[in-house]
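Bear in mind that the values in this text are calculations on the coordinates, not laboratory data. Small disclaimer: the values here were computed from a predicted structure and weren't measured. Glycine also receives a Cβ, built like all others from the backbone with ideal geometry; neighbour counts cover every protein chain displayed.
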Amino acid sequence: MHRWKKQKRSKPGWIFLGLFMLLVVTVGKSHGGLLVNLQSAQRHVDHAWEVYHTAALSGTLASPEIQMNIEKDLHLVRTILVEARDAKSKNQKQVLQQKLKEIESITVRVIRQSQEKKQ
């Protein structure tokens, strides 16, 4: 009978895992770096919320003002996601692309601000 040994992850293992997760997050992007569909936009919004919640729960957000701005942006981006879905259902391709650009811009900003540490 073969028993599985519990293996510790080495630093290269964690680096590989991190790179793999980065790849998964960026799969929904086109060559220009823009979101290409609503599914990838939804993943970006969800990821931004996760990064924010992790920082908020750990108490590492840079300031209460930044926290307030992030929360405002996260609620705004969810509204824009609904507008993007409406644009897609109405076959308004230019409006959809504009909404996807807004979503990407806001989620990138939220993630960046969430990762800023207290001074």
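Structural remarks
- Taking label points 7 Å from Cα along the Cα-to-Cβ direction, HIS75 and LYS118 give a separation of 2.5 nm.
- Derived scalar couplings ³J(HN,Hα) [segment 97-114; Karplus, 6.51 cos²θ - 1.76 cosθ + 1.60; whole Hz; x for Gly, Pro]: 4, 5, 5, 5, 5, 4, 4, 5, 4, 5, 5, 5, 5, 4, 5, 4, 5, 5
- Couplings 3J(HN,Hα) for segment 53-65, derived from phi with the Karplus relation 6.51 cos²θ - 1.76 cosθ + 1.60 (θ = phi - 60°), are 4, 4, 5, 5, 5, 7, x, 9, 5, 4, 6, x, 5 Hz, where x marks Gly and Pro.
- Stretching VAL108 away from ASN91 to a fully extended chain increases their span by 3.5 nm, per 0.36 nm per residue minus the current alpha-carbon distance.
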